[in-house]
Amino acid sequence: MDLKRFIEESLSEDVRSGDITSLACVPITNKSVAHLKVKDDGVLAGVEFARMVFDFVDPAIQFEQTISDGTSVKYGDIAFEVRGSSRDLLKAERLVLNAMQRMSGIASLSRKFAEAVSGLPVTILDTRKTTPLNRQLEKWAVRIGGCHNYRDGLYDWFMIKDNHIEACGSITDAIKAVKAYQHQNGMEQIGITVEVRNLDECEQVLSIGGVNRIMLDNFDTGLLKEAVSLIDHRFETEASGGVNLQTVRPIALCGVDFISVGALTHSAGSLDLSLKIQ
């Protein structure tokens with residue numbers, strides 16, 4: 001979604017015909033200064049988005065950043081200062097906080113995963129397990145935290161999973177069908193991942209070929225090492241399923257190229273922030 005439209009629709013959801021409390025008790029001529037205060041330890045994300053929100057509400061609002069996205073923060077830090085119409089600052093407040101708290105929570109968790117595999121030749125990927133209509137911000141936060149985006153949606157990467165295989169009839173049939181569709185539609189530049197659940201399925205993919213990556217789903221570390229050895233760099237390898245901060249490094253040590261982690265978005269909490277008028 002275009003971020004300008006996202007901001008417009010989010011404000012419409014919250015404000016509708018007007019912020020009646022501010023309209024009632026805050027004079028239209030009032031000007032204020034507000035600080036974005038950090039109330040927890042983590043990684044800050046969403047500062048640039050906040051700047052966009054304030055600019056959308058009123059381009060005359062002055063925005064002075066003191067901490068940039070991706071910075072480790074602690075309780076008491078001030079991320080930015082805004083100056084402008086009191087009513088406009090209050091109108092923007094909740095959208096800014098909702099977005100930044102969520103983004104900062106995701107960035108903080110992503111940083112932990114990135115640090116957990118520090119020094120190893122592996123890439124940590126997010127998934128499509130995002131909040132509906134909020135994917136762009138959540139994937140932005142993953143990048144801020146130091147991990148990487150997989151696909152943006154169903155339209156930009158072929159991913160043959162177990163349900164596709166069951167619906168199609170077999171791994172062989174599914175790969176052949178995807179390859180045919182890819183060629184017919186001039187989509188050879190788009191990659192293909194195939195999910196396998198055991199070594200037998202892995203061997204089937206190896207015999208067929210024609211894919212970019214084999215996703216090894218819910219393999220224990222013993223089987224994962226065996227599968228990586230079996231694939232032997234003929235295709236990219238990806239581990240997925242039940243990955244957490246305790247298991248991610250042992251999984252990475254098995255030699256996979258990628259680890260996809262749904263928890264980066266679906267299990268991230270929020271970083272406590274507040275916007276306070278001075």
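Being under 21 Å from the mean Cα position of the chain (by Cα) and more than 25 Å from Asp220 (Cβ to Cβ): is that true of Asn185 here? Judged against the criteria, Asn185 is not a match.
Tell me, yes or no, whether the stretch 179-198 has at least one residue that is part of a helix (DSSP H, G or I), among the polar types (S, T, N, Q) and touching a helix residue (DSSP H, G or I) at 6+ places or on another chain (Cβ under 9 Å).
no
Residues in the stretch 228-278 that are under 29 Å from Gln136 (Cβ atoms), charged (D, E, K, R) and open to solvent by 20 Å² or more (accessible area, probe 1.4 Å): Glu236, Asp257, Asp272, Lys276.
Within the stretch 127-145, the residues that satisfy the criterion of being in contact with a Ser or Thr (Cβ under 6 Å, 6 or more places away or on another chain) and either among the polar types (S, T, N, Q) or more than 19 Å from Gln246 (Cβ to Cβ) (or both) are Thr127, Lys129, Thr130, Glu138, Val142.
Checking each residue in the stretch 25-66 for being hydrophobic (A, V, I, L, M, F, W, C) and closer than 15 Å to Asp272 by Cβ picks out Leu36, Val38, Val43, Leu44, Ala45.
When each of Asp156, Asp88 is tested for being in a loop (DSSP other than H, G, I, E, B), under 25 Å from Phe6 (Cβ atoms), modelled with pLDDT of 95 or more and open to solvent by less than 60 Å² (accessible area, probe 1.4 Å), the lone residue that passes is Asp156. Whether a residue is of a type in the set (Ser, Thr, Tyr) and under 13 Å from the mean Cα position of the chain (by Cα) was assessed, and Ser108 passes this test.
Residues in the stretch 112-138 that are open to solvent by less than 50 Å² (accessible area, probe 1.4 Å), in contact (Cβ under 8 Å) with a residue 40 or more places away in the chain and in a helix (DSSP H, G or I): Phe113, Ala116, Leu137, Glu138. Checking Cys202 against (1) open to solvent by 50 Å² or more (accessible area, probe 1.4 Å); (2) more than 23 Å from the chain's Cα centre (by Cα), only one condition comes out false. Which one? With respect to (1) open to solvent by 50 Å² or more (accessible area, probe 1.4 Å); (2) more than 23 Å from the chain's Cα centre (by Cα), Cys202 is out only on (1).
Residues that are of a type in the set (Asp, Glu) and surrounded by 15 or more Cβ atoms within 10 Å (Cβ to Cβ) within the stretch 210-225 comprise just one, Asp217. Restricting the stretch 18-49 to residues that are among the β-branched types (Val, Ile, Thr) and in a helix (DSSP H, G or I), the residue that is most open to solvent (accessible area, probe 1.4 Å) is Ile20. Residues in the stretch 101-111: is at least one open to solvent by less than 50 Å² (accessible area, probe 1.4 Å), farther than 16 Å from Ala263 by Cα and touching a strand residue (DSSP E or B) at 6+ places or on another chain (Cβ under 6 Å)? Among the residues of the stretch 101-111, at least one is open to solvent by less than 50 Å² (accessible area, probe 1.4 Å), farther than 16 Å from Ala263 by Cα and touching a strand residue (DSSP E or B) at 6+ places or on another chain (Cβ under 6 Å), which makes the answer yes. Here Ser68 meets each of (1) open to solvent by 80 Å² or more (accessible area, probe 1.4 Å); (2) hydroxyl-bearing (Ser, Thr, Tyr); (3) assigned to a loop (DSSP other than H, G, I, E, B) with one exception, condition (1).
The values are calculated or read from the model by the stated rules, or taken from the named source; none is laboratory data. It should be emphasised that the depicted structure is a prediction, and the values quoted were computed from it without experimental measurement. FYI the Cβ positions are ideal-geometry reconstructions off the backbone, even for glycines, and counts take in every protein chain you see. Protein only, heavy atoms only, side chains kept; ligands, DNA and RNA dropped before computing areas. Shrake-Rupley method; radii C 1.70, N 1.55, O 1.52, S 1.80 Å.
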